[in-house]
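Reading through the structure tokens given below for one structure.
The values are calculated or read from the model by the stated rules, or taken from the named source; none is laboratory data. Just so we're clear, the structure is a prediction, and the values are computed from it rather than from any experiment. Cβ placement follows ideal geometry from the backbone for every residue including glycine, while neighbour counts extend to all protein chains displayed. Ligands, DNA and RNA are stripped out before the accessible areas are found, and what is left, the full protein with its side chains, is counted by its heavy atoms. Shrake-Rupley method; radii C 1.70, N 1.55, O 1.52, S 1.80 Å.
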Amino acid sequence: MNLFLDDIRVPNMSHNPNKGLGVDYMSTDNWVIARDYFDFIDIVNKHFDEIKLVSLDHDLACIKDGREWTGKDAADYLV
């Protein structure tokens, strides 16, 4: 499974012939999409052993209890 974390974009906006991982990773069919930090954590906890590739956006517009949760927080969680 490939896991794509972004609050707005879809994979072909980040991965296409001109940037990112290229055309092989453009299709939404190639990704499980998480729209915020908490969706991401839920998917990771349920499918950790299935994840092969992760694409992270930094600014997720995800605020809970007065704290902003970002792609860096997601990366830190994986580590």
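Would you call Val44 over 10 Å from the mean Cα position of the chain (by Cα), crowded, with 16+ Cβ neighbours inside 10 Å and in contact (Cβ under 8 Å) with a residue 24 or more places away in the chain? Spelling it out, Val44 is indeed over 10 Å from the mean Cα position of the chain (by Cα), crowded, with 16+ Cβ neighbours inside 10 Å and in contact (Cβ under 8 Å) with a residue 24 or more places away in the chain.
Pairs linking a residue in segment 55-74 that is on the phi < 0 side of the Ramachandran plot and touching a residue at least 24 places away in the same chain (Cβ under 8 Å) to a residue that is of a type in the set (S, T, N, Q) and open to solvent by less than 100 Å² (accessible area, probe 1.4 Å), with Cβ atoms under 8 Å and 6 or more positions apart or on different chains, are Ser55/Asn2; Ser55/Ser14; Asp57/Ser14; Asp59/Thr70; Leu60/Thr70; Cys62/Thr70. Just one of the listed residues (Gly71, Gly66) is open to solvent by less than 60 Å² (accessible area, probe 1.4 Å) and modelled with pLDDT of 95 or more, namely Gly71. If the condition is being open to solvent by 60 Å² or more (accessible area, probe 1.4 Å), assigned to a helix (DSSP H, G or I) and under 20 Å from Lys72 (Cβ atoms), then segment 14-41 contributes Phe38, Asp39. Residues that are open to solvent by less than 80 Å² (accessible area, probe 1.4 Å) and outside any loop (DSSP other than H, G, I, E, B) within segment 1-13 comprise Asn2, Leu3, Phe4, Leu5, Pro11, Asn12, listed in sequence order.
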